[in-house]
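To keep things clear, I will list the structure first and then write my remarks on it.
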Amino acid sequence: MMLFSRRTDLPLDRDALSRFLPWLIAFMVYMAALAQAGLVGLDTLARRWDTGMAATLTVQIPTDLDSADEVITRRVQDALNMITDTAGVLRATPVSEQKVQQLLSPWLGAVEAAGVPLPRLIDVETDPAVDLDVRVLQQKLTVTIPGVQIDDHGVWLARLIEMVRTLETWAAGLLALILSAATGTVIFTTRTGLTVHAEAIEVLHLTGAQDSYIANQFAGRAWAMGFKGGVIGLLFAVLTLIALGLVAGRLQTGMLPDVSLSVLGWVLLAVLPLAAGLVAGLTARVTVMRTLRRMI
Amino acid sequence: MDIDPATSIARFENVGLRYGLGPEVLQDVSFELKPGSYHFLVGPSGAGKSSLLKLMYLAHRPSRGLMHLFGHDIATAPRAALPALRRSIGVVFQEYRLLQHLSTFDNVALPLRVAGMREANIKRHVEELLVWVGLQDHMSARPPTLSGGQKQRASIARAVIARPSLLMADEPTGNVDDRMGYRLMHLFEELNKLGTTVLVATHNESMVRELGHPVMRLDGGHMHVTPGAKPAPDTPLRADSLGRGTLRGAVT
């Protein structure tokens with residue numbers, strides 16, 4: 001296949017449609033780049049959540065201002081003992097009061113001064129291989145410690161991951177849709193080109209041109225337009241991603257894991273213009289070969 | 001069954017042609033073109049001259065009958081075999097059919113590019129021929145800016161650049177005055193002397209009589225061949241060069 005053909009026998013770059021094709025492809029590559037970056041980003045996010053938070057529990061022991069510190073400390077100690085004895089628990093660590101205050105300060109301000117009773121928290125790390133029944137543990141703890149609560153991250157995390165996976169499927173679907181739209185656009189443009197230049201193509205044929213000679217001219221042009229459109233689209237997509245990154249960075253939220261693109265993610269993005277060129281070139285070639293095969 | 005191309009350029013036996021489901025525009029056409037021969041194709045408008053030429057330059061396949069070109073059975077030849085056959089045929093189309101967006105140089109270079117010749121060789125051949133046809137000052141001009149005579153010379157140059165074995169012209173004198181018409185015929189004679197088999201479709205009966213070549217007459221889709229006053233050459237000359245002199249002298 002001719003790559004950047006210097007000379008063509010057909011005035012393909014003067015067709016009105018050919019002038020729009022790079023921009024159409026630019027738009028599609030822009031969408032594809034964002035969808036692809038979203039796909040890679042979401043996958044990274046889901047993986048980190050999956051491994052980082054799935055195997056943890058938080059046990060919450062309520063306090064009230066009337067209870068003496070010793071009572072509360074004993075309850076925490078009892079809970080710790082019971083939790084540690086449970087099969088499937090790897091580690092249980094009480095969260096210090098300062099840490100709790102620190103965690104809550106963005107929402108409640110200086111809580112100590114307000115005299116709000118803060119619950120005591122225990123971080124529990126579980127063995128993902130052992131199926132630990134949270135309800136059984138809850139019942140066991142409730143017998144000695146009234147009002148105890150267990151936050152099972154797994155439940156809401158599972159929902160979050162499910163949502164992320166749904167978004168991923170959606171992004172992959174979007175990519176497939178963009179690919180078929182791009183292919184369709186190239187087929188349409190090529191067929192129009194074949195009709196517009198039917199007379200010139202017939203002269204080429206009668207001069208002894210093989211189908212591939214004609215198809216290569218279309219393919220070379222489509223490849224160049226696809227690549228050009230791809231570069232433009234990718235440029236806009238990268239600018240958008242950088243802008244999004246800056247906005248996300250300013251949010252400084254500890255909730256979202258770092259979702260910046262990996263090396264693979266950037267490589268996949270960089271390949272997009274080449275892919276756009278290849279898809280356009282091959283589609284044009286196949287379209288021309290199929291159409292010409294119907295001629296004598 | 002293929003025929004030895006050394007003894008026959010074209011051979012038609014009871015060839016019929018119809019477009020789609022329409023009536024036959026050619027019926028039971030039979031003739032043979034020997035290598036190095038020169039024939040006129042005459043007949044009233046609508047007699048099927050253009051259709052016959054279309055068969056000959058492989059724009060159509062026959063609907064029935066036997067048609068051999070350069071020894072190949074055209075009805076059964078695979079599609080992939082046709083481009084190579086077309087490269088042995090030069091055609092001067094009635095309306096020239098030059099590609100409007102290409103320069104004179106590129107139009108004339110087309111058959112060589114299609115055949116895969118290297119650009120350096122193409123440049124040499126095309127420039128040489130364009131000088132010969134007197135278009136050396138119009139190499140980068142596009143067809144819309146050329147005069148009728150210049151377009152015709154460009155079209156002839158394109159037809160002969162690849163040294164075809166068979167040269168066909170469809171009403172080459174139709175759009176030019178008589179003086180130019182005769183000069184054109186003289187050019188075809190010259191090419192014929194170099195060994196090219198020539199077939200010229202024309203309305204110009206007086207010129208046909210004067211030049212005295214065999215005449216294939218089409219009427220109502222049927223063909224009658226009458227031998228010419230001049231005998232057909234037994235041994236064709238080899239086309240090793242396009243000859244000296246200039247086409248400008250012959251045509252302008």
Pick out the one residue from B:Ser8, B:Ser51 that is hydroxyl-bearing (Ser, Thr, Tyr) and not in a helix (DSSP H, G or I). B:Ser8
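Let's see how each residue does on (1) within 14 Å of chain A (Cβ to nearest Cβ); (2) at pLDDT 95 or above; (3) over 29 Å from B:Gly220 (Cβ atoms):
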site	(1), (2), (3)
B:Gly48	no, no, no
B:Glu95	yes, no, no
B:Phe105	yes, yes, yes
B:Arg113	yes, no, yes
B:Ala120	no, no, yes
B:Val133	no, no, yes
B:Ser147	no, no, yes
B:Ala154	yes, no, yes
Out of the residues in the range A:60-83 that are of a type in the set (Asp, Glu) and assigned to a loop (DSSP other than H, G, I, E, B), state the one that is surrounded by the fewest Cβ atoms within 10 Å (Cβ to Cβ). A:Asp66
Inside the range A:9-30, the number of residues satisfying the requirement of being touching a residue at least 24 places away in the same chain (Cβ under 8 Å), more than 14 Å from every other protein chain (Cβ to nearest Cβ) and hydrophobic (A, V, I, L, M, F, W, C) is 9
Given (1) at the interface with chain A (Cβ under 10 Å from one of its Cβ atoms); (2) in a strand (DSSP E or B); (3) of a type in the set (A, V, I, L, M, F, W, C), B:Leu66 misses just (1)
Taking first residues from the range B:42-65 that are more than 20 Å from B:Gly174 (Cβ to Cβ) and second residues anywhere that are in a helix (DSSP H, G or I) and of a type outside the set (Gly, Ala, Ser), the pairs with Cβ under 8 Å that are 6 or more apart or on different chains are B:Leu58/A:Leu206; B:Leu58/B:Leu82; B:Leu58/B:Leu85; B:Leu58/B:Arg86; B:His60/B:Lys54; B:Arg61/B:Leu55; B:Pro62/B:Leu55
State whether one or more residues within the range B:73-87 are crowded, with 18+ Cβ neighbours inside 10 Å, over 21 Å from B:His224 (Cα atoms) and among the acidic types (Asp, Glu). no
Looking at this structure, is B:Phe12 crowded, with 19+ Cβ neighbours inside 10 Å, touching an Asp or Glu at 6+ places or on another chain (Cβ under 8 Å), within 14 Å of chain A (Cβ to nearest Cβ) and within 25 Å of B:Glu189 (Cβ to Cβ)? no
Might you let me know whether the range B:192-211 holds any residue that is assigned to a loop (DSSP other than H, G, I, E, B), over 14 Å from the mean Cα position of the chain (by Cα), surrounded by 20 or more Cβ atoms within 10 Å (Cβ to Cβ) and in contact (Cβ under 8 Å) with a residue 12 or more places away in the chain? yes
In the range B:69-89, the residues that are under 14 Å from the mean Cα position of the chain (by Cα), in a loop (DSSP other than H, G, I, E, B) and either away from chain A (no Cβ under 11 Å) or not hydroxyl-bearing (Ser, Thr, Tyr) (or both): B:Arg87
Before we move on, is B:Ile74 in contact with a strand residue (DSSP E or B) (Cβ under 6 Å, 6 or more places away or on another chain), at pLDDT below 90 and on the phi < 0 side of the Ramachandran plot? no
Residues in the range B:12-35: is at least one of a type in the set (S, T, N, Q) and assigned to a loop (DSSP other than H, G, I, E, B)? no
Just the residues that are modelled with pLDDT under 85 and assigned to a helix (DSSP H, G or I), please, taken from the range B:156-178. B:Asp178
Count of the range A:268-293 residues which are hydrophobic (A, V, I, L, M, F, W, C) and within 14 Å of chain B (Cβ to nearest Cβ): 2
Of all the helices (runs of 4 or more DSSP H) wholly in the range A:84-201, which have at least 1 residues that are surrounded by 12 or more Cβ atoms within 10 Å (Cβ to Cβ), within 14 Å of chain B (Cβ to nearest Cβ) and touching a residue at least 12 places away in the same chain (Cβ under 8 Å)? A:153-196
Residue identified as within 14 Å of chain A (Cβ to nearest Cβ) and among the aliphatic types (A, V, I, L, M) among B:Leu129, B:Leu33, B:Leu26, B:Leu99: B:Leu99
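The values are calculated or read from the model by the stated rules, or taken from the named source; none is laboratory data. Note that the coordinates shown come from a computational prediction; the quantities given were computed from them, not determined experimentally. Heads up, the Cβs are rebuilt from the backbone with ideal geometry, glycines too, and the neighbour counts pull from every protein chain shown.
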